[in-house]
Amino acid sequence: MPLFAVWLAAAAPAQGAADVRGPELIFVEFRDLGGWAEEDHAAALAAFARHCENPARKPAKSGALGVDAEALLKVCRKARSVEPARARAFFEENFRALRIGAAGFVTGYFEPELEGSRIKTGNFSIPLLSRPDDLVKVTDENRPEGFDPAFAFARRLGDGRLVEHPDRGEIMDGALDGRGLELVWLSDPVDAFYIHVQGSARIRLTDGSVMRVGYAAKTGHPYFPIGRVMIERGLAAPGTVTMDVLRGWLAKNPGEVDGVLRRNRSYIFFSEVEVGDPDAGPVGAADIPLIAGRSLAVDKTLHTFGTPVFVEANLPTGEDEAAEPFRRLMIAEDTGSAIVGPARGDIFMGSGEKAGDIAGRIQHDARFTLLVPQGVTLDREVER
């Protein structure tokens with residue numbers, strides 16, 4: 001269940017997205033990674049080892065950058081028996097550090113917590129929809145001639161033909177009404193949209209229980225960052241439209257909400273997720289619960305899920321939004337429709353309002369270094 005962890009303003013352009021070979025990968029010594037010695041390697045080791053907790057788990061699909069999933073799984077299995085005190089030595093002995101030679105950029109995402117109802121009421125009238133039974137995955141085998149290759153989903157008609165699915169505006173106008181797809185009802189269309197952006201949510205229901213929803217599918221239409229509307233109109237400069245800025249503008253201009261939301265034609269469908277450990281994070285695209293500050297959403301076509309990635313940035317996570325160093329060994333285990341390129345990442349910040357406040361401020365330059373299993377050589381490696 002991937003989280004669509006993308007922010008609402010136009011972010012930095014994807015670096016190297018058109019070339020699956022990616023940028024140069026520069027070998028560096030671990031001691032040259034800023035903040036490596038001070039990192040909590042034991043916490044990173046525990047996050048990494050979750051990728052092989054299940055002995056029957058199959059290797060992830062290897063990304064186009066060339067980090068071999070089989071080799072990664074073998075190292076992960078070794079990690080299961082490593083004592084926390086040896087975590088740093090384990091990483092240094094079993095991996096090589098390859099810095100991505102392209103300008104990096106990070107954003108933040110979170111799991112919203114909102115109020116809702118399983119039935120439509122006067123207060124709760126905005127639905128989250130479950131996946132329609134006529135929505136199908138488009139592959140090279142079933143893609144109709146002339147069908148936009150960017151579309152990964154389509155609608156199957158009664159005669160078997162695949163056509164473009166109704167987009168957000170058409171669904172808002174009732175294209176899917178009457179089919180019993182309403183999963184839960186919310187009070188605010190902007191709140192509902194944010195759940196579409198994040199891909200998951202905890203919803204406090206009117207009976208006092210908690211419901212968790214997660215990504216099930218999407219219509220296939222391209223994602224449009226609606227914060228760009230403010231930039232187009234000269235209301236904000238690029239890079240300044242955080243979640244709070246956009247929400248504040250929409251709150252002051254409620255007549256703009258409908259039109260702005262329609263600009264993003266992509267529409268997300270959800271399913272109810274069984275809550276085992278209520279304190280665990282939502283399940284990401286690697287089918288593992290996310291960990292705040294350790295889980296990184298990446299371009300899944302390029303990166304291999306389970307890869308440790310050392311992220312260096314200065315983020316506004318301090319008191320009064322002060323910038324402070326973020327030097328963290330994270331694990332690539334989620335993705336997002338606008339997380340494109342080898343040096344593009346989205347940091348999972350946790351659940352709830354506080355996590356959302358922090359996540360919404362993050363649109364910052366970063367540097368990414370892959371930890372690649374010993375013995376695996378990537379095509380674009382160069383010596384420093």
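Quick rundown of the values:
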| quantity | calculated |
| --- | --- |
| For region 111-273, the fraction of alpha-carbon pairs in successive 5 Å shells from zero, as % | 2, 8, 16, 19, 18, 15, 11, 7, 3, 0, 0 |
| Antiparallel DSSP beta bridges within the chain, as percent of all bridges there, nearest 5 | 75 |
| Computed over the chain: relative contact order in percent, which uses C-alpha pairs under 8 Å that are six or more apart | 33 |
| Calculated on alpha-carbon atoms, Rg and Dmax of region 62-167 in Å | 23.2, 62 |
| Exceeding the 32 Å Cα-Cα cut-off - candidates K137/K354; K252/K354; K120/K354 | K137/K354 |
| At 1.567 mPa s and 4 °C, Stokes D of region 324-377 from Kirkwood alpha-carbon radius, µm² per second | 96 |
| Mean residue ellipticity (222 nm) of the chain, computed from DSSP H runs ≥ 4 via -39,500 (n - 2.57), nearest 500 | -5000 deg cm²/dmol |
| Estimated translational D of region 226-312 in µm²/s (Stokes, Kirkwood radius over Cα pairs; 4 °C; 1.567 mPa s) | 78 |
| As computed over region 74-117, the Cα convex hull volume per residue (Å³) | 209 |
| Cα pair distances of the chain binned at 10 Å [whole percent] | 5, 23, 32, 25, 12, 3, 0 |
| Compactness relative to 2.2 N^0.38 Å, alpha carbon Rg of region 199-352 | 1.16 |
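Laboratory data are not the source of any read-out in this text; all were calculated from the coordinates shown. Computed from a predicted structure; not experimentally measured.
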